[in-house]
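Enquirer: Once you've had a glance at the structure underneath, I'll fire off some questions.
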Amino acid sequence: MGKQNSVFSALLIIALSGAVILLGSVFLNAASVGQVLSNVQVRDANNKPATIPHMGTKLISIFYNDADAPDINDPLADAIKAKKFPDAKYK
């Protein structure tokens with residue numbers, strides 16, 4: 001029983017350490033307020049390079065539409081539209 005607890009404790013420590021490292025790297029790579037971002041290159045459905053319009057020049061919202069829950073983002077999208085942000089700053 002003591003050996004199983006030691007192995008479990010060691011695995012738990014390794015897992016927690018990995019989680020801390022992973023979360024730390026996410027926060028270190030996060031953009032900060034006022035930081036200008038350069039556009040990223042993504043791939044379209046045909047594996048051709050594409051860019052995200054207005055990236056780095058306007059505040060943008062990107063939603064993922066899940067086929068199993070196609071309307072899940074609608075309340076947030078509607079709330080953003082209702083705010084009527086100026087086109088010069090938001091897209």
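Yes/no per residue for (1) at pLDDT 80 or above; (2) surrounded by fewer than 10 Cβ atoms within 10 Å (Cβ to Cβ):
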| site | (1), (2) |
| --- | --- |
| LEU23 | no, no |
| ASN39 | no, no |
| LYS58 | yes, no |
| ASP66 | yes, no |
| ALA69 | yes, yes |
| ASN73 | yes, no |
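Enquirer: Would you confirm, using the coordinates I've provided, whether ASP74 is on the phi < 0 side of the Ramachandran plot and more than 16 Å from the chain's Cα centre (by Cα)? Even if it seems obvious, please write down each step before you answer.
Expert: Details: on the phi < 0 side of the Ramachandran plot: yes; more than 16 Å from the chain's Cα centre (by Cα): yes.
In short, yes.
The values are calculated or read from the model by the stated rules, or taken from the named source; none is laboratory data. Just so it is clear, the model here is predicted, and its values are computed rather than measured. Reconstructed Cβ throughout: ideal geometry from the backbone, glycine too, with neighbour counts over all protein chains shown.
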